[in-house]
Amino acid sequence: MTKKIFDLGNRIHLIDGLDLGLPYRTGTYVIRDEKLAIVETGPSSSIPQILNGLKELEIDPNDIDYIIVTHIHLDHSGGAGLLIKDCPNAKVIVHPKGARHLIDPSRLILGAKAVYGDDFNRLFDPILPVPEDKVIIKEDGETLALSSTCDLTFYNTPGHSDHHFSIHDPVSNGIFTGDTIGISYNDILADIGIQLYLPTTSPNQFKPDAMLNSLERIKSLNVDAIYFGHFNVAHDIEEVYKQIKSWLPLFVEAGEKAEQLGKDYHWIAEQLFNAVREDLRKQKVPDTHPFYEIFKLDTSVCAMGIADYLAKKNR
Ligand SMILES: [Zn+2]
C-alpha cells in the first residue's frame, strides 16, 4: 500500500491527493501553526482525499484558517471552490492575477475544456466559484501571520504562469514553489533511489527567462527545503537548481529545432521523452518503469507550452 500522509517535520504534513488516480503526483500541504493553513487543493477529485487526510491528522475542517493556492492551474486550485464548502471559516489566498478566475471560473473551465476535451469531466469537474468575500490577494513581498513567530512571505514567481507566487515559511526555512521550479519525480523513482527534477512548461504563459529569474530569486533566499506542488519536499537544494537549469535550455532548444524542421508539438514531446530516457538509462532506470506513464503525459503538456511560447515570440 502506498503512503498517503507524510510527516515532513516543522509542523508540516503532506496529503497525497491521488490526482489522475496516481500516487506521489500532486500533494496538499498542511501547516499546523497557531493558525491552520493548507497549501494547494489539487483538483476537485482530490478533495475527498484531503478531507480523509485531515481526519487522520485529527484536524476539523472548520478550524482551517487559510487555503493558499500557488497558482490557478486546475491541478493546484481547481478544488478550492469545493473544499471551501467544508471549510466555512477559511479564506483563500491567491496571486493578484488569479483572484478573478477563482471568483468566476468560467474562463478557466472553457480553457481546460479546449485542452482536455472529453477528459475534462473526469479530471476536473466540478469547478465551483470561490465567494468573493473569501478571497484574499497577496502582492509580491506581502506576508500572512500564522502566529507571532511565523509570517509567511509571498514572492511573485512567474515563468510557469503569470499568476504564480511562491510562499516562504520561516519555521522550516522552506518555500512552497508550486510549479515554478519544476516537478520532483523522486518519490516515483524511489525504488531506484535517484533524484529527478524537470521543468514544467505548460501552456499558455510559459516564459523561460522569467522561470530562470524566479529560480534565481528563490535561490537567493537560501532556503533549506523546497516543497513542490508535484511532489513532496526536497532538501538537496543545489541539485534541484542544477537539474532545472540544465534541462530548461534543452527543452526550449527542442522547440526551436521543431520550428526549423516544421514539426509540431508531438515531435517536441518525443525529443523531450527521448532525452530524459537517455539520461535515466545511464542511471539504470528500466524503460518499463511506471515513471514513464506519468512522464509521457508531462512531456506532451510541456511540449504544448514550449510550442505556444515560441509561436508567440515569433509573432
Ligand atoms: Zn501549473
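Every read-out reported here was derived from the displayed coordinates using simple, explicitly stated rules and does not represent laboratory data. These figures come from a predicted structure and were not determined experimentally. We place every Cβ from the backbone using ideal geometry, glycine too, and count neighbours over all the protein chains shown.
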**Evaluated at q = 0.10, 0.14 Å⁻¹: base-10 log I(q)/I(0), Debye formula over Cα of segment 195-315** = -0.32, -0.63
**Asked** What nm value, rounded to one decimal, do you get for the distance between Asn89 and Asp63 when each label is placed 7 Å out toward the C-beta?
**Response** 0.9 nm
**Asked** Per-residue ellipticity at 222 nm for the chain, helices alone: DSSP H runs ≥ 4 residues times -39500 (n - 2.57), over residue total, nearest 500 deg cm²/dmol?
**Response** -12000 deg cm²/dmol
**Asked** In whole Hz, what ³J(HN,Hα) sequence does segment 133-138 give by Karplus (6.51, -1.76, 1.60; θ = phi - 60°), x for Gly and Pro?
**Response** 6, 9, 9, 10, 8, 10
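To the nearest 20 debye, what charge dipole does segment 72-219 have about its Cα centre, counting +1 at the Cβ of each Lys and Arg and -1 at the Cβ of each Asp and Glu? Display every interim value, and only then the final one.
Values: 12 positive and 19 negative charges, 48 e Å.
With only Lys, Arg, Asp and Glu charged at Cβ, the dipole is about 240 debye.
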**Prompt:** How do His71, His289, His13 line up, fewest other C-beta atoms within 10 Å first?
**Reply:** His289, His13, His71
**Request:** For the chain, set up a Gaussian network in which alpha carbons nearer than 10 Å are linked by springs, and say which option among Leu51, Leu297, Leu128 fluctuates the most.
**Result:** Leu297
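Please order Phe154, Phe120 by the number of other Cβ within 10 Å, starting at the fewest.
Details: Phe154 24, Phe120 16.
The order, fewest Cβ neighbours first, is Phe120, Phe154.
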**Message:** Restricting the calculation to Cα positions, tell me the Rg (one decimal) and the Dmax (whole number) of segment 82-132 in Å.
**Reply:** 12.1, 35
**Message:** I need the trypsin sites (Lys or Arg not before Pro) found in segment 1-72, filtered to DSSP loop residues with at most 12 other beta carbons within 10 Å of theirs.
**Reply:** Lys3
**Request:** Under 17 Å from a label point 7 Å along Cα→Cβ of Lys219: give me every residue in segment 150-171 with its amide N that close.
**Result:** 157-160
**Message:** Are there DSSP H segments in the chain that both extend 20 Å or more along their axis (alpha-carbon positions) and score a mean Kyte-Doolittle hydropathy of at least -1.0? List them, or say none.
**Reply:** 237-261, 265-282, 291-314
**Message:** Take Asp7 and Glu256, extend 7 Å from each Cα along the Cα→Cβ direction, and tell me the distance between the two endpoints in nm.
**Reply:** 5.0 nm
**Fill in**
On each of the three principal axes the extent of the alpha-carbon atoms of segment 5-244, given in whole Å and largest first, is 43, 39, 37
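Taking GluC sites (Glu not before Pro) as candidate sites, keep only those in a DSSP loop with at most 10 other Cβ atoms within 10 Å, then name the longest stretch of the chain containing none of them. Don't jump to the answer; show the numbers that get you there.
Values: sites that count: Glu58, Glu139.
In short, 140-315.
Rounded to whole Å and ordered largest first, report the semi-axes of the equivalent ellipsoid of segment 229-282 derived from its Cα gyration tensor (root of 5λ). Each step should come with its number before you reach the end.
On the way: eigenvalues 132, 29, 23 Å².
Over the Cα atoms of segment 229-282, the ellipsoid semi-axes are 26, 12, 11 Å.
Take the eigenvalues of the Cα gyration tensor for segment 1-104, scale each by 5, and report the square roots as semi-axes in whole Å, largest first. Provide the component values of the computation, followed by the final result.
On the way: eigenvalues 78, 54, 28 Å².
For segment 1-104, the ellipsoid semi-axes come out as 20, 16, 12 Å.
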**Message:** Using a Gaussian network model on the chain with a 10 Å cutoff between Cα atoms, which of Ile103, Ile64, Ile218 fluctuates the most?
**Reply:** Ile103
**Prompt:** Just going by the charge dipole of the chain, with Lys and Arg at +1 and Asp and Glu at -1 on Cβ, which of Asn314, Gly98, Val252 is farthest out on the positive end?
**Reply:** Asn314
**Complete:** Given backbone amide H placed at 1.01 Å from N, residues whose amide H is under 5 Å from that of Lys91, ignoring those fewer than 5 places away on the same chain, are Tyr66, Ile67
**Prompt:** Which whole-percent values make up P(r) of segment 112-170 when all C-alpha to C-alpha distances are grouped in 10 Å steps starting at zero?
**Reply:** 18, 29, 34, 17, 3
**Nearest-20 debye value, the chain charge dipole, Cβ charges on Lys, Arg, Asp, Glu** = 600 debye
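Could you work out the per residue convex hull volume over the alpha carbons of segment 141-227, in cubic angstrom? Please report the intermediate quantities before stating the final value.
Values: hull volume 9.3 nm³, N = 87.
So the per-residue hull volume is 106 Å³.
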